[in-house]
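**Q** Have a look at this one before I ask anything.
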Amino acid sequence: MSKVSVIGDGGWGTALAILLHAKGIDTVLWSVSPEYAENLRKKRENTKFLKGISLPCDLEITSDDSLIKNSEYAFFVVPCEYLRSVAERFSGADFTYIVSATKGIENSSLKRASEILAEYFPAERISVLSGPSISFEVAQNMPTTVVIASRSADKKEVRDLLRTERFRVYTSADVTGVEIGGALKNIIAIAAGVSDGLGFGTNSKAAILTRGLAEITRLGVKMGSERSTFSGLSGMGDLATTCISPYSRNRRFGEQIGKGRSIDEALSETEMVVEGMATCRSAYALAKEYSVEMPITQKVYEVLYEGTDPGVAVRELMTRDPKEEDYE
């Protein structure tokens, strides 16, 4: 079987490495930290990012870049804010297939993950992996369905590499839509968490998911996505999972904010990067650039970056001028 490198030792990267290794594929899990790579090798558990899941005793774990560069497949599974520096680090490698499993939009450039990778690798080799995929559930081999997007036929190679009896992979040509859905759902998940923290119920959560999907779709279509993509796995599927799951760090972060904790206090609750916080800045800027109305995203931005009280933000959302329900 082809050699596969999973670049990034977070929960999602670790879960993908476990999945690939279980298929008998020669898999290497790369950590940026030599110390943490050694910790993973010794403990055989990712105690920071995937606690309670045992790592196979023969899964190779490294921080040595040279062990990665001869891989046929490279999965980039690092937070968006670090993706550029990691991509540059491996830019000399001749990977045949490059898969972005990063969900976010870079603040400085407003570029999606695949666009960042395309600055360092041939664009035709890049695919995007997204969809409702809680790491802990994938690592426990629970049935999961995702989507791989690419404008080339290479997506079918990646699909076949990943798929198992418990991990179903669909394909798509809408790279922009799949990435926009995967990135912006984290913002809506923060809003859903704030709702939970304020003690609101199912009606509130349903409204956040429905209207959140509407504004994600509006921006995605303006950026060239297919509207139907947002009804699929990387749209509604990923959005529902991230807004509901107890394992969702973006939802948990929002919940702490809703309970009155400060941003710093809420961030200190997790070792993992809360992608929705940085992505919210990018989405706020993109909404202005494309003249798209995104009221939930705007209120999340105001809470996170302008100090607006969550209760005030909810009241302002609920008392906006009446309008027809539509997705245009």
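Quick note: the coordinates plus some simple rules give every number you see, no bench work behind them. What you are looking at is a predicted structure, and each value in this text was computed from that prediction instead of being measured. All Cβ positions, even for glycine, are placed from backbone atoms using ideal geometry, and neighbour counts span all protein chains on display.
**Q** If I ask for residues that are surrounded by 21 or more Cβ atoms within 10 Å (Cβ to Cβ) and part of a loop (DSSP other than H, G, I, E, B), which ones from the range 107-133 would you list?
**A** Step one: filter the range 107-133 for residues surrounded by 21 or more Cβ atoms within 10 Å (Cβ to Cβ), giving 112-114, 116-117, 126-133.
Within the range 107-133, 131, 132, 133 qualify.
**Q** Give the number of residues within the range 264-277 that are among the aliphatic types (A, V, I, L, M) and in contact with a Pro (Cβ under 8 Å, 6 or more places away or on another chain).
**A** Kept after step one, since they are among the aliphatic types (A, V, I, L, M), are these residues of the range 264-277: 266-267, 272-274, 277.
Then drop every residue that is not in contact with a Pro (Cβ under 8 Å, 6 or more places away or on another chain), which leaves 273.
Qualifying residue count, the range 264-277: 1.
**Q** Still on this structure: Tell me which helices (runs of 4 or more DSSP H) are completely within the range 1-96 and hold 2 or more residues being out of contact with any Asp or Glu (no Cβ under 7 Å at 6 or more places or on another chain) and surrounded by 19 or more Cβ atoms within 10 Å (Cβ to Cβ), or say none if there are none.
**A** Per the criteria, 11-22, 80-89.
**Q** Just the residues that are farther than 11 Å from residue 198 by Cα and of a type in the set (Lys, Arg), please, taken from the range 256-272.
**A** Within the range 256-272, the first condition is being farther than 11 Å from residue 198 by Cα, and the residues that meet it are 261-272.
Listed by number, the list holds a single entry, 261.
**Q** Among the candidates 171, 164, 176, 145, which residue alone is among the polar types (S, T, N, Q), in a loop (DSSP other than H, G, I, E, B) and in contact with a helix residue (DSSP H, G or I) (Cβ under 8 Å, 6 or more places away or on another chain)? Walk me through how you get there before you give the answer.
**A** Numbers: 171 fails: in a loop (DSSP other than H, G, I, E, B); 176 fails: in a loop (DSSP other than H, G, I, E, B); 145 fails: in a loop (DSSP other than H, G, I, E, B).
The unique qualifying residue is 164.
**Q** Of all residues being part of a helix (DSSP H, G or I) and farther than 16 Å from residue 212 by Cα in the range 304-328, which is nearest to the chain's Cα centre (by Cα)? Just the residue, please.
**A** We begin by selecting, within the range 304-328, every residue part of a helix (DSSP H, G or I); these are 304-305, 310-318.
With farther than 16 Å from residue 212 by Cα added as a condition, the list becomes 304-305, 310-312, 315.
On the way: 304: 19, 305: 21, 310: 24, 311: 27, 312: 29, 315: 29 Å.
Once the filter is applied, the top-ranked residue is 304.
**Q** Considering each of 139, 113, 118, 149 in turn, give the residue that is of a type in the set (Gly, Ala, Ser) and free of Cβ contacts under 8 Å to residues at least 12 places away in the same chain.
**A** Numbers: 139 fails: free of Cβ contacts under 8 Å to residues at least 12 places away in the same chain; 113 fails: free of Cβ contacts under 8 Å to residues at least 12 places away in the same chain; 149 fails: free of Cβ contacts under 8 Å to residues at least 12 places away in the same chain.
Exactly one of 139, 113, 118, 149 is of a type in the set (Gly, Ala, Ser) and free of Cβ contacts under 8 Å to residues at least 12 places away in the same chain, namely 118.
**Q** Still on this structure, I have one more. Would you check which residues across the range 93-130 are touching a Phe, Trp or Tyr at 6+ places or on another chain (Cβ under 8 Å) and under 21 Å from residue 18 (Cα atoms) and list them?
**A** If the condition is that a residue be touching a Phe, Trp or Tyr at 6+ places or on another chain (Cβ under 8 Å) and under 21 Å from residue 18 (Cα atoms), then 95, 97, 98, 99, 100, 101, 102, 127, 129 are the ones that fit.
**Q** Separate question: Picking from 314, 221, 300, which residue would you name as being surrounded by 15 or more Cβ atoms within 10 Å (Cβ to Cβ), over 21 Å from residue 101 (Cα atoms) and without any contact (Cβ under 8 Å) to a residue 40 or more places away in the chain?
**A** Values: 314 fails: without any contact (Cβ under 8 Å) to a residue 40 or more places away in the chain; 300 fails: without any contact (Cβ under 8 Å) to a residue 40 or more places away in the chain.
Going through 314, 221, 300 in turn, just one is surrounded by 15 or more Cβ atoms within 10 Å (Cβ to Cβ), over 21 Å from residue 101 (Cα atoms) and without any contact (Cβ under 8 Å) to a residue 40 or more places away in the chain: 221.
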